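Trainee: My questions will all concern the structure given below.
Bear in mind that the values in this text are calculations on the coordinates, not laboratory data. Source: prediction; values computed, not measured. Here Cβ is always computed from backbone atoms with ideal geometry, including for glycine, and neighbour counts include all displayed protein chains.
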Ligand code: SF4
Ligand code: SF4
């Protein structure tokens, strides 16, 4: 019967010894893995959900198809497949033998490793071994002859001329791994060969490689006796080598064979396009500053790295000499994790600084190229962002980046422009773009910063608007209601600011009139609104404008009348393509408008980042280094004779317009947005977009010929005479006692007051006396924010004291107080009674003054504005009630906490008024004197621990009202007024001319 003897000529002692060695190998293997599990158990929980079943299925598909290994490198993928399947089949074969020899035969007397099964087994294992050997031979040739740059561990970007000791160890490890695998297979075939020479079994041909080896041995004159001797010795060599290899798996790069099962099964398919939230627990440090602050999954991923270098090759930062290689980052983290976590007494070096340089973290473009190509599913950029979060929290960032974040916090855009100017680009259009806060539309266009403020991109926005108009698309924008979407703010690591931007934009969208979907020209906004905003609130489905325009063209709503016949190349934006899988629409458009698309070598998922992502557009470029956009320009120019480099991202437009000049390709091609090509192809200029008057004409119309609506009498309900004004002195409310801590320095009370959101549509109550409460918001308004900042600055300068925020408002106002506390206020007090819902400003002032009586502050600050129907009266009234000196429209305070303070006011016309006031005093603060800070994630978390005293306001009473409202009426809105550019004289001249012309003077 066809079979073979397993322990041929092995005596009892040798037999026992073999089993001792085998059990030792298994023990070393298990200890190695236990050590890794201990390491993983020291990590945090994964911040994003893991889907074990779906992940397991996907992992099996990845592993058995070898698809992640074959991408963009088929030969290596095939070689790896041979190694994988060879190893797997030999492992299964060994297991089958073990099952029969150690279980079924001794326990049940059942044998099956014989006859036809044995012959098939022999054939399969022989071919598996041969395949494995071919695979290993290819890898050896590639590593030692071909030597691709991605397998070179020398860090040129770090100025390393020589390999560091770890890198030498990695090279030795790679070599030992390949040689060991090869030797195990070769000694296995030798064992077969000598057995065939020794035994001459008639079925030897079923092991074709072993049979061939036997033929060779015969040919060189090996007889049966010598074959038996070699067989005896080689059995031990082969067996012990295989056992040592197994024992060593958890201790060297071979561990990826196991770790990859976990890394692929737990891979987050949304990684990077949806970043994990920062930890909510105030006790938990923001971001990652130590290796055990990564999740267990991150640490498992580190062990899965095979050092293949694909991420290193794909990374635009590495390619342009920035101090970052995603491969080296992962390997450094792995070494550090080993040293720190697998050893009881740790390693002692700081993660950020000693192990990973801050400049390495700041070099990342969040383009996702590394993650996308990594065959084992490592999520490099999310690990980078988590470390950035900690740097941001410590305030360790480039000054230019810090300024930009502050600018965004202050103005809502990275340009530092006024919010009112956000929609200014629409002024050049022949038609009015709907303000979706006032008029419903089918589609909300979220424009984004660059498309709104950057002059070159404004022309693209105008073209897109005209194309939408030409296709009769019903759309509107948020105008000054929009703020930067926050995608890159989040990738920089500034989670606190990101949350505030999301909150604002979501509130604006929620308060807008009806719309069904969102479109954006900005892939960064597209990414975060599509993938991240839904974690905070429900948002309408969003599409990129390329999808919308592709549909309009295919439906014939935009008709190509002049096919362009141009030769162009297309840049896939990272946030549109790699992160969100939109590759086809821009290509479909190019085809439909008659362009010949010549692809750059790095296209679609292998696209090369322009260098703007991850907040890099807000950081200075390293001097003397090629920029990623310049690198891309060379790639495009190498295509030869292209007419245009086509983009579909405003940041790409900015980066490539610049790089085309700095890289010397200014005369080779132009950079054009896809919309600009479409405009030419549909002959947009010839399409009548409506006869809307120019902005100048609209002003003139508003001045000279008010609309019928404007001429109509306002819808006013006259109030019945109310109660008479109380003539007696208005006093501070008597509020319940509460615990006020002793002073340890100056105490500054900051009054934060509700503000009417009157810009967003409101109505006057039926009695004509008030605006219903739902149109008021308890939001930190910009004037109170400036007052808070001034108070915080004073306390910081003095080095002692506290800032106490006080408001009159219902429970919902606590969200606003938490924001104030997050910015740095030490305590807060909230006064409320339902009767105060209709309180006038003086009543509010009485309530606030009641708190002041309890707190005995040394200074009271308030914004110049307050709800009180924009009368701005609360601050002044409080000063009168408390008998304090008062100054309004203050822009700055100099005070050391002593008896006197110096106050600067700015009066109309820019006149500064500087004067002394005794303390305590009450100041109402104007905006512009300081830059209010924004709350970082840590501050937001800390604010949850700060106290808010809640006082019953029922004793405030409304009977001491300081004013009687007779009526409120809303002046007519024409919706036609526009801002004229120029200085006062120019504007006056323009208006006078228009009015004269309209009158026919
Ligand atoms: S995300 Fe892009 S820039 Fe950052 S490490 Fe990966 S490939 Fe490099
Ligand atoms: S991180 Fe992934 S792509 Fe980079 S070297 Fe390791 S296994 Fe290869």
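Trainee: Could you line up 88, 769, 30, 361 from fewest to most neighbouring Cβ atoms inside 10 Å? Numbers along the way, then the final one.
Mentor: Details: 88 15, 769 18, 30 12, 361 24.
Final ranking by Cβ density, sparse to dense: 30, 88, 769, 361.
Trainee: Then there is this: As I understand it, the value is the acute angle between the Cα axis of helix 399-411 and the longest principal axis of the Cα atoms of the chain; what does it come to in degrees, rounded to 10?
Mentor: Tilt relative to the chain: about 50 degrees.
Trainee: What is the stretch 500-558's relative contact order, in percent, from Cα pairs under 8 angstrom and six or more apart in sequence? Walk me through the numbers on the way to the answer.
Mentor: On the way: 41 pairs, mean separation 21.7, N = 59.
Answer for the stretch 500-558 is 37 percent.
Trainee: Rounded, prolate or oblate, given the Cα gyration tensor of the chain, with a/c below 1.5 counting as rounded? If you can, show how the numbers build up before the last one.
Mentor: Numbers: a/c = 2.93, a/b = 1.88, b/c = 1.56.
It is prolate, given that a/c is not under 1.5 and a/b is the larger ratio.
Trainee: Tell me the mean residue ellipticity at 222 nm calculated for the chain from its helices only (DSSP H runs of n ≥ 4, each -39500 (n - 2.57), averaged over every residue, nearest 500). Before the final figure, lay out the partial values.
Mentor: On the way: 35 runs with 446 residues, N = 1001.
Using -39500 (n - 2.57) per qualifying helix, the result is -14000 deg cm²/dmol.
Trainee: Can you put 387, 655 in order of Cβ neighbours within 10 angstrom, beginning with the fewest? Write out the running numbers ahead of the final one.
Mentor: On the way: 387 24, 655 27.
With the fewest neighbours first, 387, 655 line up as 387, 655.
Trainee: Nearest 10 degrees, 0 to 90: what angle lies between the long axis of helix 841-855 and the longest principal axis of the chain (Cα atoms)?
Mentor: 70
Trainee: With contacts defined as alpha carbon pairs under 8 Å and 6 or more residues apart, what's the relative contact order of the chain in percent?
Mentor: Values: 1729 pairs, mean separation 96.0, N = 1001.
Reported relative contact order: 10 percent.
Trainee: Ok, one more. Whole angstrom only: what separates the Cα centroid of the stretch 548-613 from the Cα centroid of the stretch 125-149?
Mentor: The stretch 548-613 and the stretch 125-149 have Cα centres spaced 40 Å from each other.
Trainee: Return the FRET efficiency for the residue pair residue 738, residue 514: r is the Cβ-Cβ distance, R0 is 45 Å, and the value is rounded to the nearest 0.05.
Mentor: Values: r = 45 Å, r/R0 = 1.01.
Calculated transfer efficiency: 0.50.
Trainee: Moving to a separate point now. Cα-based Rg of the stretch 285-360 per 2.2 N^0.38 Å, rounded to two decimals?
Mentor: On the way: Rg = 12.9 Å, N = 76, 2.2 N^0.38 = 11.4 Å.
With N residues counted in the stretch 285-360, Rg over 2.2 N^0.38 Å equals 1.13.
Trainee: Okay, moving on. In nm, to one decimal, how far is the modelled label at residue 919 from the one at residue 688, with both set 7 Å along Cα→Cβ?
Mentor: 7.1
Trainee: How many angstrom lie between the Cα centre of the stretch 888-952 and the Cα centre of the stretch 442-495?
Mentor: The distance from the Cα centre of the stretch 888-952 to that of the stretch 442-495 comes to 35 Å.
Trainee: Between residue 58 and residue 283, what's the calculated FRET efficiency when r is the beta-carbon distance and R0 is 60 Å? Round to 0.05. All intermediate terms of the calculation are to be shown ahead of the outcome.
Mentor: Numbers: r = 35 Å, r/R0 = 0.58.
E(calc), rounded to 0.05, equals 0.95.
Trainee: How much length is gained on full extension from residue 17 to residue 101, taking 0.36 nm per residue of separation minus their Cα-Cα distance? Display every interim value, and only then the final one.
Mentor: On the way: separation 84, 0.36 × 84 = 30.24 nm, distance 1.69 nm.
Extra length from residue 17 to residue 101 when fully extended: 28.6 nm.
Trainee: Which of 255, 998 has the fewest other C-beta atoms within 10 Å, and how do the rest follow up to the most? Display every interim value, and only then the final one.
Mentor: Numbers: 255 19, 998 14.
Ordered from fewest to most neighbouring Cβ atoms within 10 Å, 255, 998 come out as 998, 255.
Trainee: Helix 208-219 sits at what angle to the longest principal axis of the chain, using alpha carbons and giving 0 to 90 degrees rounded to 10?
Mentor: Taking the Cα atoms of the chain, the angle to 208-219 is about 40 degrees.
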